[in-house]
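Chemist: Below is a structure I'd like to ask you about.
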């Protein structure tokens, strides 16, 4: 039985939880944060506490062995189902590919600031190279989250 790769990641915003939640559920913010990740195509939908980001990105940053599996671009659908403005069930699916990420995203007060944390798992059901693919998709998630954080810091400072 194949097990996934555990992922934990956290970023800090100098803003209260309510402001961070409002930003993360603002379609304009999610579009800007996704565009900063050099997407080729993008569709952001926010309905109530549901956030869906359907994107295609170039695979220029992954090793050639993985590009053979993934292709020249990656299509990913990120879904967040928020509850009470603090916790989201989080998933990234890769249509047509046997890889995914699932977990929980939490906004936790840290004094006057907010920790945006993720605890989850990347899985790739591919014999022999699944572990390497899991590491790649986990690293890609963390890189994307760090890019989103940079956009978020500017956004919360009023750079919209």
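Chemist: (1) modelled with pLDDT of 95 or more; (2) more than 21 Å from residue 18 (Cα to Cα); (3) touching a helix residue (DSSP H, G or I) at 6+ places or on another chain (Cβ under 6 Å): which one isn't true of residue 151, the others all being true?
Modeler: (2)
The rows are residues; the columns are (1) farther than 26 Å from residue 152 by Cβ; (2) touching a residue at least 60 places away in the same chain (Cβ under 8 Å); (3) over 13 Å from the mean Cα position of the chain (by Cα).
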position: 77; (1), (2), (3): no, no, no
position: 98; (1), (2), (3): yes, no, yes
position: 101; (1), (2), (3): no, yes, no
position: 128; (1), (2), (3): yes, no, yes
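Chemist: Could you tell me whether any residue of region 125-142 is assigned to a strand (DSSP E or B), at pLDDT below 95 and crowded, with 19+ Cβ neighbours inside 10 Å?
Modeler: No: zero hits.
Chemist: Kindly check whether there is at least one residue in region 52-63 that is touching a strand residue (DSSP E or B) at 6+ places or on another chain (Cβ under 9 Å), touching a residue at least 40 places away in the same chain (Cβ under 8 Å) and farther than 14 Å from residue 76 by Cα.
Modeler: yes
Chemist: Oh, and also: Hey, can you tell me all the residues within region 143-152 that are farther than 17 Å from residue 105 by Cα and exposed (fewer than 15 other Cβ atoms within 10 Å of the Cβ)?
Modeler: Once the filter is applied, which keeps residues that are farther than 17 Å from residue 105 by Cα and exposed (fewer than 15 other Cβ atoms within 10 Å of the Cβ), region 143-152 yields only 150.
The values are calculated or read from the model by the stated rules, or taken from the named source; none is laboratory data. All values derive from a computational prediction rather than experimental measurement. In this analysis, Cβ positions are derived from the backbone assuming ideal geometry, glycine residues included, and neighbour counts consider all displayed protein chains.
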